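S.K.: Quick one: this structure, given as structure tokens, is what I'll be asking you about.
The values are calculated or read from the model by the stated rules, or taken from the named source; none is laboratory data. Quick caveat: nothing in here was measured; it's all calculated off a predicted structure. All Cβ positions, even for glycine, are placed from backbone atoms using ideal geometry, and neighbour counts span all protein chains on display. SASA here: full protein model, heavy atoms, side chains in, ligands and nucleic acids out. Shrake-Rupley method; radii C 1.70, N 1.55, O 1.52, S 1.80 Å.
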Amino acid sequence: METRQARFPRGIAGVGLDEVEREVPADEAPPLAPNAALAVIGKPVARHNGRAKVTGAIRYTADVQLPGMLHARILRSPLAHARIRAIDARDAEAHPGVRAVLRVAEPGTTSGTVRHVGAAVAAVAATSTAAAADAAGRIRVDYEPLPFVTTLDDARAADAPRVFDEASAPAGNPAGFPAPAGLPLRGNVRGPGRDQRGDAAEALKHAAIVVDGEYRTQVQTHCCLEPHGIVADWREDGLTVYMSTQFTAGVRHEIAEAFALPLARVRVVVDGMGGGFGSKSSLGNYGRIAIALSRAARAPVRLVLERHEEQMDAGNRPGTWQRLRIGANRDGSLAAISVVSFGTAGIALGAGIGNMAQALYTCANFESAQHDVFTNAGPGCAMRGPGNVPGGWALEQAIDELAHRLALDPLALRDRIDPSPVRREERRIGAERIGWGRRHAPGANRGPDGGPIRRGIGVAQSLWGANVQTNAACEVRVMRDGSVEVVSSVQDIGTGVTTVLAQVVAEVLGLAPEQITVRIGDTEFPEGPPSYGSRTTASITPAARNAAWLVLQTLLREASATLETAPSMLVARDGHIARLDEPARRIPLREVAAKLRTDRISAVASRGDDYTGFKRRMGDAALAQQDLGGVQFAEVAVDTETGVIRVERVVAVQDCGRPINPLQIESQVQGGVLMGMSFALYEDRLLDPATGRMVNPDLEHYKVAGPREAPRIDVVVLENYQGNSATDAYGIAEPANIATAPAIANAVYNAIGVRLRDSPMTPAAVLAALGRAPAAGHRESP
């Protein structure tokens, strides 16, 4: 491959910028200047589809209407654990509105055992939703109840009912970094997955100070505003699926494999989406059900989950228990970190605690043992910042506690043990914004009137890998009338990639973003990346810029004869192509396009490797050399009479490489903060231990932070240039969520002088903690 040398900006804008030389493929665009020198990139452009969303013009999956479309309902298990002896669907099949009945669970097979309340047993497709529901209710199922277990602690007991035997249990490992596959199953416990460097056990013995704590995090559900939905249209010449999904291309591959179809005969389409947060990353059981019903009925089938189905069977953030020990020397340097975790994703795997403890701070000696624990509960799945949210909850509280034990300011300790210059600058900015100098000793603020309100300030940090999908492509088209299209199967799940693509292409072609038509969310277009793991912007924007640059070269060659200069002496700017040496000599881009020999020209580009290479490859996914971070500060008020915690202000200082659209990034960070606050204070999936049923399967009883609870949120986004790709842009969604909860917890400790290690920090938990609080002037023992 032919390459060239190019010099890119490097460093933090406003702090210190220099240049770095990279070897770049010859067919990629030249280096971008810092955002201050650009016309469109780095500017707060309004969301492309914002008006369509607020006026109801955008089409969500539930809005899709096809001729002859049927409606599906799923019959779900009322029992937490049972063997199905028989399914009698004759009454359902005889229903006049029914066109297909599907047995999801087959008696006498592995699928004939249900392992949680809400597990799919059968499904019906009928001419109306009412008919489908009525028919599903007529299916008679003979269950043999089996013993079950719903809590993490009970499931770990040696005599606990077994959720799986070895033959039927999912194989794999907790969501650790890394952990080998094929871990042993002992009772309901799979693992441990281990990671180690140095000798943590020996180093802990000789550490000057050791903090040792147990931490718990609850199960949190995704609560997507738009429920999971699909319209499957099976025809002889192929299958078209309209689906609310975070990965059109991935779902296409799943469907092709599950139904033995060539990829060319599978099409996946998504237009508007109302959030996913990780829960819509795959086809899912409901997707397979809808497709199978469509195949059986030879008609389109619509299946949209109801809210109680969302809460019980559409995924969740696993709950965890962790024991974390940190040993330190007197100067604050870390001697050892040791963590043991047990997490439950219900009947699924992936309840690890991420890589915060391994990677955030400098420590030569580290060990971790992460375990999955099966329970008779709905399956967990990835949720915004998977692993690192519960991992950060424990680690950042332990670091805060260590600072107090060392009599150090928590920021000063982090300055000593955190090697990241980016986070150092984020700490400096955040401390200034929040007024860190006002912070008092834990529990010392009693207010001027001596009332029950105590205020405190806390800080916590985040860490997330800069993820990239290398199988990501984009096509840019210029028509003879000068109109421009950018197309890719990438989906916009609400984060604004539509607008970002318009900005990137507009910057290259010298146009305004509103002059770019963006067509995405359809696998008929070049394969786009998933919208999870904070990888979408990093994966698709370099491809879009390079495709636009290739098209521009054709336009420059076309204009060069008229402008009487070489293409290399021309620039696209303000809707024109102009000479660099004589800017007044220019031609409107539409006039150049009118001279094209064909009705359109186009170029397709795919995501290349980062110029510095990758840390690690995992199939089509890769991990960049740099990490993403962020530092958040929280200010809280705690009512010591009622136990109510009020978050008054959050300052979030984040980095994501080159910010493409600061307005949308600010929106993402605000959403991450609100989700983190909701996790810290309110959300908690509650199961009845006697029945295994969720007792709060709706948004009335499952508490989520709302507008009344929203604090003031100040967002600062650094421009951190590293010269790694054609845009140098990375993601923001996960890092914005990870630090919030522990920052609030550390602020609560600063307010009341007692540490709460379990989430959510409810009023009852606060009052219980205060009941055990030591006398004034004394610090709680670790």
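S.K.: Based on what the data block shows, is L580 modelled with pLDDT of 95 or more, more than 30 Å from G731 (Cβ to Cβ) and crowded, with 19+ Cβ neighbours inside 10 Å?
M.R.: Details: modelled with pLDDT of 95 or more: yes; more than 30 Å from G731 (Cβ to Cβ): yes; crowded, with 19+ Cβ neighbours inside 10 Å: no.
Against the criterion (modelled with pLDDT of 95 or more, more than 30 Å from G731 (Cβ to Cβ) and crowded, with 19+ Cβ neighbours inside 10 Å), L580 does not qualify.
S.K.: I'd like to verify a number: residues in the stretch 204-230 that are assigned to a helix (DSSP H, G or I) and either under 28 Å from D372 (Cα atoms) or open to solvent by less than 10 Å² (accessible area, probe 1.4 Å) (or both), how many? Can you show your working first?
M.R.: Pass one, the stretch 204-230, residues assigned to a helix (DSSP H, G or I): 204-206.
Right, trim to either under 28 Å from D372 (Cα atoms) or open to solvent by less than 10 Å² (accessible area, probe 1.4 Å) (or both) and you get 204.
The qualifying residues number 1.
S.K.: Within the stretch 129-151, take every residue that is of a type outside the set (A, V, I, L, M) and in a loop (DSSP other than H, G, I, E, B) and give me the one that is farthest from P318 (Cα to Cα). Reasoning before the result, please.
M.R.: Restricting attention to the stretch 129-151, the residues satisfying the condition of being of a type outside the set (A, V, I, L, M) are 129, 134, 137-138, 140, 142-145, 147-148, 150-151.
Applying the additional criterion that residues be in a loop (DSSP other than H, G, I, E, B) yields 137-138, 147-148, 150-151.
Values: G137: 31, R138: 34, P147: 22, F148: 18, T150: 13, T151: 12 Å.
Within the stretch 129-151, the match that is farthest from P318 (Cα to Cα) is R138.
S.K.: On to the next question. Output the residues belonging to the stretch 267-309 that are in contact with an Asp or Glu (Cβ under 6 Å, 6 or more places away or on another chain) and among the hydrophobic types (A, V, I, L, M, F, W, C).
M.R.: Once the filter is applied, which keeps residues that are in contact with an Asp or Glu (Cβ under 6 Å, 6 or more places away or on another chain) and among the hydrophobic types (A, V, I, L, M, F, W, C), the stretch 267-309 yields V269, L283.
S.K.: Enumerate the pairs (first residue in the stretch 189-203 and within 14 Å of Q358 (Cβ to Cβ); second residue anywhere and open to solvent by 40 Å² or more (accessible area, probe 1.4 Å)) with beta-carbon separation below 6 Å, excluding pairs fewer than 6 apart on the same chain, so at least 6 apart or on different chains.
M.R.: Note: pairs meeting the criteria are G193/N173; Q196/E367; G198/A364; A200/E367.
S.K.: For the stretch 36-57, give me each residue that is under 23 Å from the mean Cα position of the chain (by Cα) and either surrounded by fewer than 17 Cβ atoms within 10 Å (Cβ to Cβ) or part of a helix (DSSP H, G or I) (or both).
M.R.: P44, A46, G50, K53
S.K.: Also, quick follow-up: Which condition from (1) in a strand (DSSP E or B); (2) farther than 28 Å from A357 by Cα; (3) of a type outside the set (V, I, T) is the one that F633 breaks?
M.R.: Unmet for F633, out of (1) in a strand (DSSP E or B); (2) farther than 28 Å from A357 by Cα; (3) of a type outside the set (V, I, T): (2).
S.K.: Show the residue pairs meeting these rules: Cβ distance below 9 Å; 6+ apart or different chains; first residue within the stretch 85-97 and assigned to a strand (DSSP E or B); second residue open to solvent by less than 30 Å² (accessible area, probe 1.4 Å) and among the β-branched types (V, I, T).
M.R.: Cβ pairs passing all conditions: I87/V121; I87/I139; D88/I139.
S.K.: Given the condition free of Cβ contacts under 8 Å to residues at least 12 places away in the same chain, outside any helix (DSSP H, G or I) and surrounded by fewer than 24 Cβ atoms within 10 Å (Cβ to Cβ), answer yes or no: does some residue in the stretch 451-461 qualify?
M.R.: Applying the first criterion (free of Cβ contacts under 8 Å to residues at least 12 places away in the same chain) to the stretch 451-461 yields 451.
Next, from what is left, pick out any that are outside any helix (DSSP H, G or I): 451.
Going one step further and asking which of them are surrounded by fewer than 24 Cβ atoms within 10 Å (Cβ to Cβ), we end up with 451.
Yes, that holds for at least one residue.
S.K.: Also, quick follow-up: Which of the residues that make up the stretch 684-729 are closer than 23 Å to W464 by Cα, in a loop (DSSP other than H, G, I, E, B) and of a type outside the set (A, V, I, L, M)?
M.R.: Applying the first criterion (closer than 23 Å to W464 by Cα) to the stretch 684-729 yields 713-729.
Going one step further and asking which of them are in a loop (DSSP other than H, G, I, E, B), we end up with 719, 722-728.
Hits for the stretch 684-729 are E719, Q722, G723, N724, S725, T727, D728.
S.K.: Could you tell me which of the residues A105, A155 is in a loop (DSSP other than H, G, I, E, B), open to solvent by less than 20 Å² (accessible area, probe 1.4 Å) and not hydroxyl-bearing (S, T, Y)?
M.R.: Going through A105, A155 in turn, the sole match is A105.
Quick grid of which residues meet (1) at pLDDT 95 or above; (2) over 17 Å from I453 (Cα atoms); (3) in a loop (DSSP other than H, G, I, E, B); (4) not assigned by TED's automatic domain parsing to the domain that holds P452:
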| position | (1), (2), (3), (4) |
| --- | --- |
| G731 | yes, yes, yes, no |
| N737 | yes, yes, no, no |
| I744 | yes, no, no, no |
| A775 | no, yes, yes, yes |
| H778 | no, yes, yes, yes |
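S.K.: Here's a follow-up. Filter the stretch 58-68 down to the residues that are aliphatic (A, V, I, L, M) and open to solvent by 20 Å² or more (accessible area, probe 1.4 Å), then identify the one that is nearest to G118 (Cα to Cα). Talk me through it step by step, then tell me what you get.
M.R.: Of the residues in the stretch 58-68, the ones aliphatic (A, V, I, L, M) are 58, 62, 64, 66.
From what is left, the residues that are open to solvent by 20 Å² or more (accessible area, probe 1.4 Å) are 62, 66.
Working: A62: 22, L66: 29 Å.
For the stretch 58-68, the residue satisfying everything is A62.
S.K.: Name the pairs whose Cβ atoms lie under 8 Å apart, with the first residue in the stretch 61-79 and farther than 13 Å from V304 by Cβ, the second part of a helix (DSSP H, G or I) and open to solvent by 30 Å² or more (accessible area, probe 1.4 Å), and 6 or more positions between them or separate chains?
M.R.: Every condition considered, the pairs that remain are R76/M312; R76/D313.
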